[in-house]
Amino acid sequence: MKKLVKRVIGTMSIGVMTLGIALTANAQSIKSEKEVKSEKEVKTRKETKSFATQAVWYDVVKINPSGGDIPSNYRIVGIGSAPSTSPNPNDCAQPNSSGQYCAFQLTFDENEDSGSVLEKDVSTAMSDLSATQTGQARNPSHS
């Protein structure tokens with residue numbers, strides 16, 4: 001009789017341990033699936049946010065004629081349209097590599113007010129809008 005009781009207890013112990021391992025493995029599997037779904041949701045939110053930007057062209061003038069050819073030496077005077085993509089020696093054009101800057105394109109969150117940076121230098125405007133410079137144009141006739 002004692003042998004039978006020991007075998008029953010042994011068998012039940014093995015069964016309980018097997019059940020415990022199976023439940024733990026299942027719980028880990030469910031947790032992993034939730035983490036994967038959560039990561040996908042975060043990626044989707046980030047991707048959605050990255051599409052919520054605007055690119056705005058600003059007309060600029062040089063602040064100090066003898067100052068450097070750097071964004072902090074150019075003041076935003078207006079919101080403009082995209083300068084020509086063909087080189088033009090007499091006008092503001094994107095492919096021009098000589099002359100004075102005449103326009104900068106800044107890209108920033110669409111919730112920001114694009115007009116809030118008028119009359120500021122380009123560096124300050126980029127900082128205020130958390131913007132990146134994504135384009136520029138020069139006018140070779142203005143050195």
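The values are calculated or read from the model by the stated rules, or taken from the named source; none is laboratory data. Since the model is a prediction, treat every value here as computed from it, not as a measurement. With ideal geometry, Cβ positions are generated from the backbone for all residues, glycine too; neighbour counts draw on all protein chains shown. Each accessible area value is taken on the protein alone, full model and side chains, heavy atoms only, with ligands, DNA and RNA left out. Shrake-Rupley method; radii C 1.70, N 1.55, O 1.52, S 1.80 Å.
Using R₀ = 35 Å, calculate the FRET efficiency as 1/(1 + (r/R₀)^6) where r is the Cβ-Cβ separation of Glu35 and Asp109; round to 0.05. That pair, Glu35 with Asp109, gives E of 0.75. Compared with the alpha-carbon gap, the fully stretched path from His142 to Asp69 is longer by 25.0 nm at 0.36 nm per residue. For the pair Thr85 and Ser97 in one chain, pulling the backbone fully straight at 0.36 nm per residue adds 3.1 nm over the alpha carbon distance. Take Ser127, project a point 7 Å from its Cα along the Cβ direction, then tell me which residues of the stretch 58-75 have their backbone nitrogen under 15 Å from it. Under cut-off, by backbone N: 71-75. Rolling a 1.4 Å probe across all protein chains gives Asp128 an accessible area of roughly 70 Å².
Counting only other residues whose beta carbon sits under 10 Å from that of Gly78, what net charge do I get with K and R as +1, D and E as -1? Its environment carries a net charge of -2. Using 0.36 nm per residue and subtracting the Cα-Cα separation, the extra length available between Val16 and Lys62 on full extension is 8.5 nm.
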